[in-house]
Amino acid sequence: MESTPADRLHPTPAGSPAGAGLRVPVLPGGEPVITARLTPPRLPATYVGRRRLAARGDVPLVVVTGPAGAGKTLLAAGWAATGVLGGTTAWLSPQPSDAAPEVFWTYVLEALRRHGVAPEGVDGPSLARGRTPASRLAAYLSRREEPVVLVIDGFDGVASPRTAAGLHALLRDAGGGLRLVLTARAPPGLPLHRYRAAGELAEVTGRDLAFRCAETAALLARHDLPLTVEQARVLTSRTEGWAAGLRLWALAAARAADPAAVLEDDEAGRVAVTDFLLAEVLDVQPAPVQDLLLRTSVLRRIHPALADALTGRDDAAPILGGLQRANAFVEAVGHSWYRCHPLFAGVLRARLRERRPGLEGELRRREHEWLRERSAGPSLVASGGDLDGWESRVTAVEPLSEREHDVLERVAELMSTEEIAADLFLSVNTVKTHLKSINRKLCASRRGEAVRRARRLKLL
């Protein structure tokens, strides 16, 4: 008989009658297995299940990746609680101290044994060495009529090439008897390209995990904070759907005398997430990475060469690439440019002002110099910047609107029309209309010319 979801989450250890003396599993070296790591977290009352993220139960491998606080663990726990993964679900939440292969594999075996699906004569050290017992476990699983689903939450904390290779071999040799669900901040070291090509991989990324407007409204309603459609849209946009940001913002609002004011206050949201982002993202980075993040927080978009100009080093390209791959709130936006999550950038700027008062102005000066060097046209250089008295004509026309100024700032950062539209939540045609108006007001015929003239007039 198939077990119920509750049986999957809180089983009686195999081979132990209820109330009898239970076997106390130990790790290599004699330390006891911490059984809390073998049980999924309980879903909070504010949990919002999202059907669009339901796991496919017909593939051997499911990988959930995303930044800290994206909701990876709760998503997998929700799957386990509702039984949507199919088959008996075993859970493991390893900690970095469990990274030694013999310790990790001992925990894997104990997660399986809690559901009576591990053969005798197999132990963690033998599995770590990749000898005959590994084949015995794979053969045992391959003979099962019902697959066992093993969820490893936070796999990147214990991942190594050797461990990843062992999991891949076990999954391959177990056939349909084993399904694997991995959650991690960065993609695990298994050969994902092979699983993709074979149609044997389901992936959930940070973009998938981001809350949509209706989901934001549902989450805030669980905190007794009903939102209008417009409030949900604005809050989702500010947080970019980041689950932890929404929850922390909601908790701050729930404690406030005027919850609506907190939900509408950008500064209140930044304060609410500061401790989380500093502890989980910034403080865990090496000193050179922290320095780069702090200095580039003044930028809306980051180019490695511009970052090098701000840090005085030449290592920005590998650092930015590493942060993007690690889902550390930095993402690639194309053509070698990157962007920092706006909430994280706000926290970084506050830390920069606290640690290095006065440096922000110098960094912005270097940014403007770098952009000016790359936008200066031959005619401007040749004429020394004096373009037939245009400045007197510009000062006589109407000023730029706030939205036109927003567009012009992004033009100065070398963003394309499509990128500006996406960044400002506008249509491409609307951006083109603003660009025409900007050129008319600044007596310019090209983007670079408009930027140069705006700088001469101190509009940028």
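Expressed to the nearest 5 percent, the antiparallel share of DSSP beta bridges inside the chain is 25 percent.
How many percent of all Cα-Cα pairs in segment 20-128 sit more than 22 Å apart? Distances greater than 22 Å cover 40 percent of the Cα pairs. Note on Glu354/Glu264: beta-carbon distance plugged into 1/(1 + (r/R0)^6) with R0 of 35 Å gives a FRET efficiency of 0.90.
From the Kirkwood radius over Cα pairs of segment 58-205, Stokes-Einstein at 37 °C and 0.692 mPa s returns a whole-number translational diffusion coefficient of 216 µm²/s. In the chain, the DSSP-assigned H stretches of four residues or longer account for a calculated mean residue ellipticity at 222 nm of -14500 deg cm²/dmol, using -39500 (n - 2.57) per stretch and the full residue count as denominator.
Remark: the chain carries a charge dipole of roughly 600 debye about the Cα centre, counting +1 on each Lys and Arg Cβ and -1 on each Asp and Glu Cβ. Net charge dipole, segment 25-134: roughly 560 debye, given to the nearest 20, about the Cα centre with Cβ charges of +1 for Lys and Arg and -1 for Asp and Glu. When the Cα atoms of segment 222-271 are aligned to their principal axes, the ranges along those axes come out at 25, 23, 19 Å in descending order. If R0 is 25 Å, what FRET efficiency do you get for Lys432 and Thr228 from their C-beta distance, rounded to 0.05? E(calc), rounded to 0.05, equals 0.20. Give me the angle, in degrees from 0 to 90, between the Cα long axis of helix 132-142 and the longest principal axis of the Cα atoms of the chain, rounded to the nearest 10. That works out to roughly 90 degrees. Computed from Cα atoms, the angle from the helix 316-325 axis to the main principal axis of the chain rounds to 50 degrees. If the chain linking Ala164 and Ala197 were pulled fully straight, counting 0.36 nm for each residue of separation and taking away their Cα-Cα distance, it would gain 10.0 nm. Figure legend: label point modelled 7 angstrom from the Cα of Glu362 along Cα→Cβ; residues of segment 285-326 with amide N under 12 Å from it are 310-312. The Rg/Rh ratio for segment 44-83, using Cα coordinates for both the radius of gyration and the Kirkwood hydrodynamic radius, is 0.95. Here the extension length gained between Arg207 and Leu251 equals 13.5 nm, from 0.36 nm per residue of separation less the Cα-Cα distance.
Of the options Val64, Ala252, Ala77, report the single residue whose Cα projects farthest towards the positive end of the charge dipole of the chain (beta-carbon charges: Lys, Arg +1; Asp, Glu -1). My answer, from the dipole projection, is Val64. A quarter of the convex hull surface defined by the alpha-carbon atoms of the chain gives 27.5 nm² as the mean projection.
For segment 84-149, what is one quarter of the convex hull surface built on the Cα atoms, given in nm²?
Orientation-averaged projected area of the Cα hull: 4.6 nm².
Each reported figure results from applying straightforward, stated rules to the coordinates on display, with no laboratory input. Owing to the predicted nature of the structure, the values given are computational and were not obtained by experimental measurement. FYI the Cβ positions are ideal-geometry reconstructions off the backbone, even for glycines, and counts take in every protein chain you see.
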